[in-house]
Amino acid sequence: MQFQLSGQQIEVTPALRDHATSKLDRLTRLDDKCLGLSIVLSVDKLQQRAEGTLAVNGATLHAEAAEADMYASIDVLFDKLVAQLRKHRDKLCDKHQREVRQERQYG
């Protein structure tokens, strides 16, 4: 999977990069066919923002998080992306199972 981490008006430190990379395992455990992840870190006055776009087969998932701490915003961002990825996977599984049931029924 391609992984891109960039910052707007903030320098991406090695510690931030390591933190985001360690959270990346949660996504790859759910779906190893993720195409790419792009994260943009930014600062808005007192809020630290993280925006992420995850490209998977058949969809593009997007999430945003704003917290007082950059590490917390990265954690919340990955929680949201994991939830969206689970929902996307469940939809695909349900669609496949529905097609199989219809084929058996009307065969």
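Each value in this text was obtained by applying a stated rule to the coordinates, not by laboratory testing. Everything numeric in this text was worked out from a predicted model, so none of it was measured. Positions of Cβ are generated from backbone atoms using ideal geometry, with glycine treated the same way; all protein chains shown enter the neighbour counts.
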Using only Cα atoms, what is the ratio of the radius of gyration of the chain to 2.2 N^0.38 Å?
1.30
Surpassing 23 Å at the alpha-carbon level, of the pairs LYS23/LYS45; LYS33/LYS80; LYS33/LYS91, are LYS23/LYS45
Net charge dipole size for the chain [Lys, Arg +1 and Asp, Glu -1 on Cβ; Debye, nearest 20]:
540
Among HIS88, LEU5, THR21, whose Cα lies farthest out toward the positive end of the dipole of the chain, if unit charges sit on the beta carbon of Lys, Arg (+1) and Asp, Glu (-1)?
HIS88
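Remind me, relative contact order of the chain in percent, using alpha carbon pairs under 8 angstrom and six or more residues apart?
22
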Determine, for LEU41, LEU92, the number of other Cβ atoms within 10 Å of each Cβ, and report the residues in order from fewest to most.
LEU92, LEU41
On C-alpha positions alone, give me the angle between the axis of helix 70-106 and the longest principal axis of the chain, in degrees, nearest 10.
10
May I ask for the longest run of the chain untouched by trypsin sites (Lys or Arg not before Pro) that are loop-located per DSSP and have at most 11 neighbouring C-beta atoms (other than their own) within 10 Å?
46-107
